[in-house]
Each structure stands twice: as C-alpha cells, then as structure tokens.
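Chemist: Structure provided below as structure tokens; questions to follow.
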Amino acid sequence: MPAVAFVSLGCAKNLVDSEVMMAKLGAAGWALTPDAASADTVVINTCAFIDPAKAESTEVILEHAARKRRGQQLIVAGCLAQRYGEQLQVLVPEVDGVVGTGAYAGIVELLEDVRSGLRPVRLTREAEPEHDFLPRLVTTARHTAYLKIAEGCDHPCTFCIIPQLRGSFRSRSVESILAEARALAAGGAKELILIAQDSSMWGRDRGERRGGLARLLERLHEVDGIEWIRLLYLYPGTVEPELIEAMAALPKVCKYMDMPLQHAHPEMLRAMLRPSNGERYLEIVQAFRERIPGVTMRSTFIVGFPGETEEHVEYLEEWLERAQLDRVGFFTYSREEDTPAASLPNQVAEKLKRRRLMRLRDAQHRASQAARARRVGQTVRVLVEEQRRIRSSDPLRAQLGAASAWFGRSMGEAPGVDGGILFRGNAAAGQFVDVTLDGHSAFDFVGREAVLIG
Ligand code: SF4
C-alpha cells in the first residue's frame, strides 16, 4: 500500500481541502503517514494570500525538495499551485505534480499519473458543482470540525488575489452541506464552524433571496449531535437582519460575530472597493448588540493601504473606540502582484505601516481589556479541548495555583484565533462544562471549578 504524507498550510478553508484529499486517497487505498521522510508521496497544500504566506509555502516546498528521496514524489496543491502553475515545476524541478484549488478533488488520478511517469499540472478554477466533500478525514480535534459552505468570491476588493485563485462564488447545496454536517456529527463533532470567503453571501447564487443563510442555520440546527454552530467570515455588504435574527433565536448558533471590515474610513473603503462606510458598520455592530446581548465581536483591519494618511488612521482609531469590539486583528497591507491596489500611487512605507499598526493595536487594547473585564464573574459553557501546561511566565498560573489546567472555549472564542479559558476541575476533552470566569490575561481567561454537563 503506497503511503502519502500531507503538509497543510494556510487557512481553515485550505485545511478542509486537505482533509477532502486525504479521505479520497484513503478510499483509493493509500495509507496516510505523518512521516514525510518515509512516505512514497508528499503533498504540500499551499497558501498564497499575502507575501509572508507565499514565503512560508515556498520555503516548505524547497525544504521537501532538498530532502526528496529517489523514487519519492512531491506534489504541490492549493493557492500557490493555482497561482504559479507550471512555473513551479520549472523553478523547482523536484515538483512532480501541481494541482490547483478547483482540481484537488482529482488528487487520486493525479497521483496515478505521477506514478506512471507523467508530470501533470491541473489548474481548473471551478470546483465540481456539488462540492461533494464526502468522505472527509477530519484532522482537527474530534469534537470540532470546519464545514465549507461555499467556494470562491465575487467581491472586487482591490488588495485581494483570492477571486483570481478560487474563482467566482459558488454555494454548496443545502443537501450537500447537511449530508456533511450529519457525517461530521456521526464522527463525534459537536461544534461546526461554517466557513467561506463570504459566508453571509451563502445561497444567493442558488436563487435564495433574503435570509438564505438564516434558513441554512435553521436546517443545521436540527442535526442531532451538533451543539454549537459557529459562523466565520461575514461580509458587511451581505449581512442581513434575517441572519442576525436567526443568530439571536437559535440557541445552538454561537453568539459570535466575525466580520472582517478592513478599514472604517469611507475614502479607504472606496479605494479598497469595499462596501459602505464606518458609520454603516457601527450600525451593523449595534444591531448585533441589540438583538444578541453578550455577543462577542471580532474583526480584522488592514493598516497602510496605499493612500492611507494620518487622518485616515486617526479616524479608524476613533472608530475602534466607538465600536468597542471584543477582539481585533491588524495586518499591514501586503502589495500583491496582479491586484489593482499594487499599482495604486502613494504606497505607504513599511516602517510607517508598522508604526500605525502598533498605534491601532494600542487603541484596541483598551477596548479588548474592557470587554474581557466585563465577562469576569459570568458563568459560561465551555467545550473542553485539552489539558495544558501553564508556562511559569504566564500571569494566570498564580491564579490557577497549578502548573497545568484544562483548556477550552466558550461560544465567544473561535479556535486558533481567540485564546480560551483555563480552569481546574472535573472535565474531559470533548465535553461541555460550566465555568465561572475569575480573571483574565491579555489573551486567555481563568475560571473556577467546573460543573460537568456531558
Ligand atoms: S471579500 Fe474581498 S478580501 Fe475577502 S476573499 Fe473576497 S475579494 Fe478577498
């Protein structure tokens, strides 16, 4: 039985693609191995969103190319493969096959071709119409699984290469999503994390008018075994009142809003070709707060977009003060070739971008600390992830009075980006417990004695 090793880089959407490929190979008789050195084939699923991601992907490809054994095959998949196609094989001759973002479902046939001596490059942009992701091999903790509800993007954001790589927006059908949700629940998933480039756009290309995503949430809510449904990557131009109502009304839907906004100043948003303006964004934030008391809100912003002035930064700083979001990620603008923003005048110097980023981070820090402080004293339901060792430098260690504790997340924390809750008590990975929050650091909460729910 030939063995294949996977290296999955980039975002959760890429991870789902890797999991689909792994399952397809497993069903075709391939053994999966974590050991790239002994594998017959190594597949590297790459990211090409911004320069640092491209650099990481390139580095990993070169490392594996340098270590490649005689008779071993090296395959490059994902966004970098889609973007540079045949060039990859020219630049790195050790690469035997290239499979882009719409062709990965044909991984089995591609590997067969490679084993018969061909050097295939498959770069279809549009994935198979039904996005049939089953079977899928989930690599995250058993109780949490990502569920991709759509692929591609129709928005014209001038800094972004994704629509060129992933094609136009295609929603999966309700039936296909429900079938996958049931399969994930049967495999032990308790938390589903819905992802897409623009999750709130779901259904529009399938003729759903208003409230498509709200109706999808209602259907997913009925899936036995699923306790939490988390939505990531909402887009301010497609969030509808129906969605906010559904998030408020359906108890399994996490009271968590993740909406990348990128900027707040109208001139910057216009230059980015992003919808509306900061005032409208505040209205959306307010609508979530009014309908979903205690909702946790997260966003991301780009700092140093071409043409950004001190006045724009000041505006964003004040906006953050007014919005009082719980958590915010800041990224310096990355000049991506083949995007409209790359050729805009008045590019901002790297040093200035970094200075502005620090300034905005400081401004948000106060809001984030206030948001954390507001939660202290509350009892929250936590999905337990694992037992963790607490570093001696961690300020929460003294409060816990122990060098290790359970780590979990409430509805207010998404995995990988938000930190979580540390507590001592009676618990087990994959179970729910109620934890009373006693304190916090800049990232995590610390909680008291847990009540095991099951
Ligand atoms: S919404 Fe904008 S930033 Fe997000 S993937 Fe689409 S084009 Fe890129």
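Chemist: Of the options Leu282, Val295, Leu320, report the single residue whose Cα projects farthest towards the positive end of the charge dipole of region 266-345 (beta-carbon charges: Lys, Arg +1; Asp, Glu -1).
Modeler: The residue sitting most towards the positive pole is Val295.
Chemist: Then there's this: Only Lys, Arg, Asp and Glu count, each charged at its Cβ (+1, +1, -1, -1), so figure out the dipole size of region 1-67 about its Cα centre, rounded to 20 debye.
Modeler: On the way: 4 positive and 8 negative charges, 32 e Å.
Dipole about the Cα centre, nearest 20: 160 debye.
Chemist: State the three equivalent ellipsoid semi-axes of region 3-122, derived from the C-alpha gyration tensor as the square roots of 5 times its eigenvalues, in descending order and whole Å.
Modeler: Working: eigenvalues 70, 52, 38 Å².
Value: 19, 16, 14 Å, ordered largest first.
Chemist: By per-residue mean of other Cβ atoms within 10 Å, what is the highest-first order of 60-66, 345-351? Could the numbers behind the result be given before it?
Modeler: On the way: 60-66: 16.7, 345-351: 11.4.
Ranking, from highest mean packing down: 60-66, 345-351.
Chemist: When the expected Rg is taken as 2.2 N^0.38 Å, what fraction or multiple of it is the alpha-carbon Rg of region 144-374? Don't jump to the answer; show the numbers that get you there.
Modeler: On the way: Rg = 18.3 Å, N = 231, 2.2 N^0.38 = 17.4 Å.
Rg over 2.2 N^0.38 Å, computed on Cα atoms: 1.05.
Chemist: Less than 9 Å Cβ to Cβ from Ala150, Lys/Arg counted +1 and Asp/Glu -1: what total charge do the surrounding residues give?
Modeler: Working: positive: Lys148, Arg170, Arg172; negative: Glu151, Asp198, Asp205.
Its environment carries a net charge of 0.
Chemist: Continuing with this model, one more query. Label Ala373 and Ala442 with points 7 Å out from Cα along Cα→Cβ: what is the distance between them in nm?
Modeler: 1.7 nm
Chemist: Take the Cβ-Cβ distance between Leu250 and Asp205 as r, set R0 to 22 Å, and report the resulting FRET efficiency rounded to the nearest 0.05. Let's see the in-between values first.
Modeler: On the way: r = 24 Å, r/R0 = 1.08.
Computed FRET efficiency for Leu250 and Asp205: 0.40.
Chemist: Okay, moving on. Just name one of Gln387, Ser441, Gly408: the one whose Cα is farthest towards the positive end of the charge dipole of region 376-452 (beta-carbon charges, Lys/Arg +1, Asp/Glu -1).
Modeler: Positive-end residue among those listed: Gln387.
Chemist: Which far-off residues, 5 or more places away or on another chain, put their amide H under 5 Å from the one on Gly439, with H placed in the peptide plane?
Modeler: Amide H to amide H, under 5 Å and 5 or more residues apart or across chains, Gly439 pairs with Val446.
Chemist: Excluding Gly26 itself, what net charge comes from residues whose Cβ is under 12 Å from its Cβ, given Lys and Arg +1 and Asp and Glu -1? Could you put the intermediate results ahead of the total?
Modeler: Values: positive: Lys24, Arg136; negative: Glu19.
That sum, taken over residues with Cβ under 12 Å, equals +1.
Chemist: If you don't mind, there's one more thing I want to ask. Between their Cα atoms, which of Lys24/Lys148; Lys148/Lys190; Lys148/Lys252; Lys24/Lys68 are more than 20 Å away from each other?
Modeler: On the way: Lys24/Lys148 17 Å; Lys148/Lys190 16 Å; Lys148/Lys252 18 Å; Lys24/Lys68 24 Å.
With Cα atoms farther than 20 Å apart: Lys24/Lys68.
Chemist: Let me spell out the model: positive unit charges on the Cβ of Lys and Arg, negative unit charges on the Cβ of Asp and Glu, origin at the Cα centre of region 3-122. What dipole size does that give, in debye rounded to 20?
Modeler: Numbers: 11 positive and 14 negative charges, 23 e Å.
Roughly 120 debye for region 3-122.
Chemist: In debye, nearest 20, what is the charge dipole magnitude of region 144-374 about its Cα centre with +1 on Lys and Arg Cβ and -1 on Asp and Glu Cβ, if you could check?
Modeler: Details: 34 positive and 33 negative charges, 95 e Å.
Dipole size: approximately 460 debye.
Chemist: Could you list log10 I(q)/I(0) for the chain at q = 0.07, 0.08 Å⁻¹, which the Debye formula gives when each Cα is one point scatterer?
Modeler: Log-scaled intensity ratios, in q order: -0.37, -0.49.
Chemist: Once you list every other residue whose beta carbon is under 11 Å from the beta carbon of Ile390, what net charge do they have if Lys and Arg are +1 and Asp and Glu are -1?
Modeler: On the way: positive: Arg388, Arg389, Arg391, Arg397, Arg424; negative: Asp394, Asp444.
Net local charge, Ile390 excluded: +3.
Chemist: Return the long-range amide H neighbours of Thr296 (sequence gap of 5 or more, or a different chain), with a cut-off of under 5 Å between placed amide H atoms.
Modeler: Under 5 Å from the amide H of Thr296 lie the amide H atoms of Tyr256, Met257, each far enough along the sequence or on another chain.
Chemist: I'd like the distance separating the alpha-carbon centroids of region 242-313 and region 1-75, in whole Å.
Modeler: Centre-to-centre distance over Cα atoms comes out at 35 Å.
Chemist: Can you list, by residue number, the Cys in the chain that have no neighbouring cysteine C-beta under 4.7 Å?
Modeler: Cys11, Cys47, Cys79, Cys153, Cys254 - these cysteines have no disulfide-compatible partner (Cβ-Cβ under 4.7 Å) in the chain.
Chemist: Same structure again: Rg to Rh ratio, region 124-196, alpha-carbon atoms and Kirkwood radius? Present the calculation step by step, with values, prior to reporting the outcome.
Modeler: Numbers: Rg = 13.7 Å, Rh = 13.3 Å.
Across region 124-196, the Cα-based Rg/Rh ratio is 1.03.
Chemist: For Arg142 and Thr33, FRET efficiency with R0 = 30 Å and r from the beta-carbon atoms, rounded to 0.05?
Modeler: For R0 = 30 Å, the calculated efficiency reads 0.90.
Each reported figure results from applying straightforward, stated rules to the coordinates on display, with no laboratory input. Bear in mind the structure is a predicted one, so any value in this text is a computation, not a measurement. We place every Cβ from the backbone using ideal geometry, glycine too, and count neighbours over all the protein chains shown.
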